[in-house]
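Contents: one structure, followed by commentary.
The values are calculated or read from the model by the stated rules, or taken from the named source; none is laboratory data. The shown structure was predicted, so the numbers you read here are calculated from the model rather than taken from an experiment. Positions of Cβ are generated from backbone atoms using ideal geometry, with glycine treated the same way; all protein chains shown enter the neighbour counts. Protein only, heavy atoms only, side chains kept; ligands, DNA and RNA dropped before computing areas. Shrake-Rupley method; radii C 1.70, N 1.55, O 1.52, S 1.80 Å.
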Amino acid sequence: MANRQILLKSRPVGEPTPANFECVDRPVPAPAAGGALVRTIYLSVDPYMRGRMNAGKSYADPVNIGDVMCGGTVGQVVESLDPTFKPGDLVLGDGGWQEFAALDGSRLRKLDANAAPISYTLGALGMPGMTAYVGMIDIGQPKAGETVVVSAAAGAVGSVAGQIAKLKGCRVVGIAGSDEKCRYVVESLGFDACINYKTEPLLGRLRKHCPGGIDVYFDSVAGSTLETILRLINVGARIPLIGLISLYNATELTPGPNLFPLLVRRAMIKGMIVSDHANRQPAFLADMTAWIRDGKVKVRETIVNGLENAPAAFIGLFRGENTGKMLVKVSREA
Ligand code: NDP
């Protein structure tokens, strides 16, 4: 039996291409003492992986050339040298882009398949969901009656962030990259409006849908979208700076937005990294599990089949090919 792996072959310049990855078959590893061999069922592909493909350290170390690409995984234990886990257990871990991973028991969390679909632990009930929760609730601090704008609104983080703002009684306007996504955001997720930034004039549509100005802008995109939003922010606005996906593939510094309105409107823009907020995980899991169970937060996934298609799935994130969480299905649950 072989272990198929996707390695980082070269560092991208601009948008990543399939040539930056290499697919190899290696022997299946043996678990070390205190560890387990895990067969991957789902692999998460996320925008942050673009940063890991660069040589420089951002808030985490880069992946080395020739190493397996990093990534969160849901899998099933095949063999265990850690008494906490037995074969057949479903676990959340960081197995990376490969079919099998030998992981230390301290890096695994046992999953209850009856609680929610196991894939949700890579999306709404996992890192992206917690980013939405902490970013929206702790930093955005939405109050009933306020107007909240969410970019990348049909994606893993944005779709949950907007639904949380709705739960808090806000008017919520999404921004997304296709009419189909905008329909999904309004009709299925319950946002009040959604603007297709690729075909509609953003400033004019924001003026129409946010007649009282913008109190919270949940920013996953930065760039010219942020520039436009800043023109419409209210006094005391909050801007959780969650991501800058429009700049991840930029090869030179892009001209920045005019930050003057931040000063004049006494607004707050605050960067956040989800891993700093581990203390919020119990509250997040309790709330989000209940919201999903009660149908107050709806979840969608875009699932690409086959590990060999992981590079295409990842590249698809920068082309808007996903609605909801982008996942790779690597194998079946036994
Ligand atoms: P998504 O599921 O939202 O997928 C990415 C989406 O971004 C695409 O579907 C696409 O949707 C949109 N997009 C891609 N390129 C551009 C562009 N040039 N301009 C505008 N939109 C673009 O990914 P996630 O939900 O996982 O991540 C969303 C953001 O949150 C990212 O910026 C990510 O880095 C950040 N993040 C930050 C964390 C933190 O701790 N701070 C943790 C997790 C995520 P469309 O069709 O609408 O263009």
task: With the checklist (1) open to solvent by less than 20 Å² (accessible area, probe 1.4 Å); (2) over 23 Å from residue 155 (Cα atoms); (3) among the small types (Gly, Ala, Ser) in hand, flag the one item residue 93 doesn't pass.
output: (2)
query: Residues in segment 13-23: is at least one of a type in the set (Gly, Ala, Ser), in a helix (DSSP H, G or I) and either assigned by TED's automatic domain parsing to the domain that holds residue 117 or at pLDDT 95 or above (or both)?
result: yes
- prompt: So, in segment 307-324, of the ones that are assigned to a helix (DSSP H, G or I) and within 8 Å of the ligand (Cβ to nearest atom), which residue ends up nearest to residue 189 (Cα to Cα)?
  reply: 317
message: Could you check segment 1-52 and list, in sequence order, the residues that are touching a Ser or Thr at 6+ places or on another chain (Cβ under 8 Å), touching a residue at least 60 places away in the same chain (Cβ under 8 Å) and farther than 19 Å from residue 105 by Cα?
response: 13, 14, 20, 44, 51
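Table: residues versus (1) more than 12 Å from the ligand (Cβ to nearest atom); (2) open to solvent by less than 50 Å² (accessible area, probe 1.4 Å); (3) in contact with a helix residue (DSSP H, G or I) (Cβ under 7 Å, 6 or more places away or on another chain); (4) closer than 15 Å to residue 115 by Cβ.
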{"position": "268", "(1), (2), (3), (4)": "yes, no, no, no"}
{"position": "277", "(1), (2), (3), (4)": "no, yes, yes, no"}
{"position": "284", "(1), (2), (3), (4)": "yes, yes, yes, yes"}
{"position": "288", "(1), (2), (3), (4)": "yes, yes, yes, yes"}
{"position": "296", "(1), (2), (3), (4)": "yes, no, yes, no"}
{"position": "302", "(1), (2), (3), (4)": "no, yes, no, no"}
{"position": "305", "(1), (2), (3), (4)": "yes, no, no, no"}
message: Looking at segment 197-206, can you tell me whether even one residue there is in the same structural domain as residue 136 (by TED's automatic domain parsing), surrounded by fewer than 22 Cβ atoms within 10 Å (Cβ to Cβ), touching a Cys at 6+ places or on another chain (Cβ under 8 Å) and not polar (S, T, N, Q)?
response: no
- prompt: Looking at this structure, is residue 297 of a type in the set (A, V, I, L, M) and either within 29 Å of residue 11 (Cβ to Cβ) or within 14 Å of the chain's Cα centre (by Cα) (or both)?
  reply: no
- prompt: residue 254 fails exactly one of the following numbered conditions: (1) under 24 Å from residue 145 (Cα atoms); (2) open to solvent by 70 Å² or more (accessible area, probe 1.4 Å); (3) of a type in the set (Val, Ile, Thr). What is the number of that condition?
  reply: (1)
statement: When segment 237-251 is checked residue by residue, the ones that are exposed (fewer than 12 other Cβ atoms within 10 Å of the Cβ) and more than 15 Å from the ligand (Cβ to nearest atom) are none
- request: Might you check whether a residue that is within 9 Å of the ligand (Cβ to nearest atom), in contact (Cβ under 8 Å) with a residue 60 or more places away in the chain and open to solvent by 10 Å² or more (accessible area, probe 1.4 Å) occurs anywhere in segment 136-148?
  value: no
